[in-house]
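Data block below; observations after.
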Amino acid sequence: MPQLFILFFFFFFFILFISFSKADPLQDFCVADLTLPQSPAGYSCKNVSQVTVDDFVFTGFRNPRNNSNTNMASLTPAFVAQWPALNGLGIAAVYAELAPGGQVPIHSHPGGTELIVVIEGTVIAGFISSSNKAYTKKVDTFEAMIFPQGLLHFQVNTGSVKAKYVVSFSSSNPGVQTTSMSLFGNDLPSEILEKVSSIDVVEVKKLKAMFGGTN
Ligand SMILES: *[C@@H]1O[C@H](CO)[C@@H](O)[C@H](O)[C@H]1NC(C)=O
Ligand SMILES: *[C@@H]1O[C@H](CO)[C@@H](O)[C@H](O)[C@H]1NC(C)=O
């Protein structure tokens with residue numbers, strides 16, 4: 001029993017040490033070393049002697065964009081995986097373009113609140129609160145909207161010109177779960193899915209075929 005206690009004691013302090021070594025508020029920054037595994041406290045820091053100004057500048061938004069997909073949307077993420085300097089700073093970005101008729105399907109970010117600033121065109125955007133109330137509005141050029149952390153939300157371009165907007169998050173790794181894809185792109189047996197969704201099994205199988213699910 002005392003051995004178990006000592007083991008637990010050391011394990012606790014080891015975890016404490018790990019978390020403090022990763023999220024030390026006294027260091028200016030902790031550019032992620034993506035070659036090392038991620039812990040709940042974030043990535044390990046790249047050796048400061050190897051960090052340059054280029055770590056703090058993201059050029060990925062200049063990459064060619066392509067709207068030729070079923071959503072008619074191009075989303076360029078700058079999360080910690082694409083921009084390691086964001087590690088531990090609680091912030092991330094996306095640059096989005098929606099062709100006329102394009103959309104970002106309903107989804108949620110478990111890890112962060114989202115803010116969009118429309119810089120060209122307009123989008124219909126909205127979110128659904130946990131009491132199932134929809135908050136939706138046409139967001140014009142130079143208007144902004146927020147989507148509180150974890151809530152389902154979407155954007156649609158119903159205009160006749162391309163919509164462009166900049167997105168930011170209150171997390172360097174907000175995560176994303178796309179609702180229809182999660183519900184019907186999985187391998188959960190259709191009979192179970194019928195039970196837990198109250199959607200008829202025939203319809204479940206149809207939706208599974210549509211979203212690439214199996215079983
Ligand atoms: C960081 O890099 C410097 C210079 O290459 C090296 O002397 C130092 O040991 C490294 N520190 C760590 C923690 O690896
Ligand atoms: C855009 O993406 C589509 C679908 O993946 C592809 O067929 C097409 O060649 C791409 N266009 C360009 C310009 O890269």
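Nothing in this text is a laboratory measurement; each read-out follows from the coordinates by a stated rule. What you see is a predicted model; the values in this text were computed from it and never measured. Cβ placement follows ideal geometry from the backbone for every residue including glycine, while neighbour counts extend to all protein chains displayed.
A few comments on the model shown:
- Which numbered condition P77 fails, given (1) in a loop (DSSP other than H, G, I, E, B); (2) surrounded by 13 or more Cβ atoms within 10 Å (Cβ to Cβ); (3) away from ligand 2 (no atom under 16 Å from the Cβ): (1)
- In region 43-53, residue nearest to ligand 2 (Cβ to nearest atom) [restricted to those that are closer than 17 Å to L89 by Cα and part of a helix (DSSP H, G or I)]: V53
- Test: residue in region 95-109 that is of a type in the set (G, A, S), surrounded by fewer than 20 Cβ atoms within 10 Å (Cβ to Cβ) and away from ligand 2 (no atom under 16 Å from the Cβ): yes
- Counting the residues of region 177-196 that are part of a loop (DSSP other than H, G, I, E, B) and surrounded by fewer than 16 Cβ atoms within 10 Å (Cβ to Cβ) gives 4.
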